[in-house]
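Novice: Below are the structure tokens for one structure; questions will follow.
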Amino acid sequence: MAAEFILLFVALPVTFAFVHVPGGPIPILLVLTIGVVWYFRRVSDFDRRDLWRASALRPAWPRILRLWAVAAVLAVAAVFLFDRAHLFDLPRHNPALWALIVVAYPVVSVYPQELLFRAFLLHRYAPLLRNEKIAAGASAVSFGLAHLLFGNPIAVILTLLGGWLFARRYQQTRSLFTVCVEHAAYGLLIFTVGLGRFFYHGTHFAS
């Protein structure tokens, strides 16, 4: 199981970062998603309600919104101060791509990533991870490594922080839907304020 974890969540993303694969990361992510869905259909010790559980969003929403609001202010301020030319550049200069991301990103990118890096990783490798914080750390590091392919430290640092936040939120709520809403909110913030170029190449995007 340890070898499997290293192969999937360390070796594969590191290799992908240095080897050009036609089509970008999304096709591989969707293939892995199919494998994860197959896994959850076979295991008997996983509560499949955790893959949605929309009722958990309402009590968690105030905390999510407060933290997101702080992040939004900091993100806008950072881009304004250090990279003003790119502030809101995607919606201003390529509104069609921005609109496509707003619609497709939560479905095509966010939910598959959360299935893989939160629901699957935290369940499958629970025997290897001693407690919730170690498990959340493993999820965060794996999530950061998966973003090495974008070739810049900003993508890795932000997804490392996001990976920790999303893992802890999933552990607290047992609701992948809640985590996906939070993940999508941060991702769309990134693409909107002017940080999106750190997370996509052309039409290949993820966060």
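Novice: Provide a single number: the residues in the stretch 109-145 that are in a helix (DSSP H, G or I), open to solvent by 30 Å² or more (accessible area, probe 1.4 Å) and not charged (D, E, K, R).
Specialist: 8
Novice: While we're looking at this one, here's another question. Pull out all pairs, ordered by first then second residue, where Cβ-Cβ is under 9 Å, the residues are six or more apart or on different chains, the first lies in the stretch 28-42 and is at negative phi and in contact (Cβ under 8 Å) with a residue 40 or more places away in the chain, and the second is among the small types (Gly, Ala, Ser) and not in a helix (DSSP H, G or I).
Specialist: The qualifying pairs are Leu29/Ala206.
Novice: Follow-up question, since we're still on this one. Any idea how many residues of the stretch 174-194 are within 15 Å of Ala155 (Cβ to Cβ) and either among the charged types (D, E, K, R) or in a loop (DSSP other than H, G, I, E, B) (or both)? Write out each step before concluding.
Specialist: Initially, the stretch 174-194 is screened for residues within 15 Å of Ala155 (Cβ to Cβ), giving 183, 186-187, 189-191, 193-194.
Restricting the remaining residues to those that are either among the charged types (D, E, K, R) or in a loop (DSSP other than H, G, I, E, B) (or both) gives 194.
Here the count works out to 1.
Novice: Let me ask something else about it. Only one residue in Leu149, Leu97 is open to solvent by 20 Å² or more (accessible area, probe 1.4 Å), closer than 17 Å to Pro13 by Cβ and either in contact (Cβ under 8 Å) with a residue 40 or more places away in the chain or assigned to a loop (DSSP other than H, G, I, E, B) (or both). Which one?
Specialist: Every option except Leu149 fails the conditions.
Novice: Return a yes/no flag: does the stretch 41-53 have any residue that is among the hydrophobic types (A, V, I, L, M, F, W, C), under 20 Å from the mean Cα position of the chain (by Cα) and open to solvent by 40 Å² or more (accessible area, probe 1.4 Å).
Specialist: Yes, that holds for at least one residue.
The values are calculated or read from the model by the stated rules, or taken from the named source; none is laboratory data. Computed from a prediction, not measured in an experiment: that's the story for all the values here. With ideal geometry, Cβ positions are generated from the backbone for all residues, glycine too; neighbour counts draw on all protein chains shown. With ligands, DNA and RNA removed, areas are computed over all heavy atoms of the protein, side chains included. Shrake-Rupley method; radii C 1.70, N 1.55, O 1.52, S 1.80 Å.
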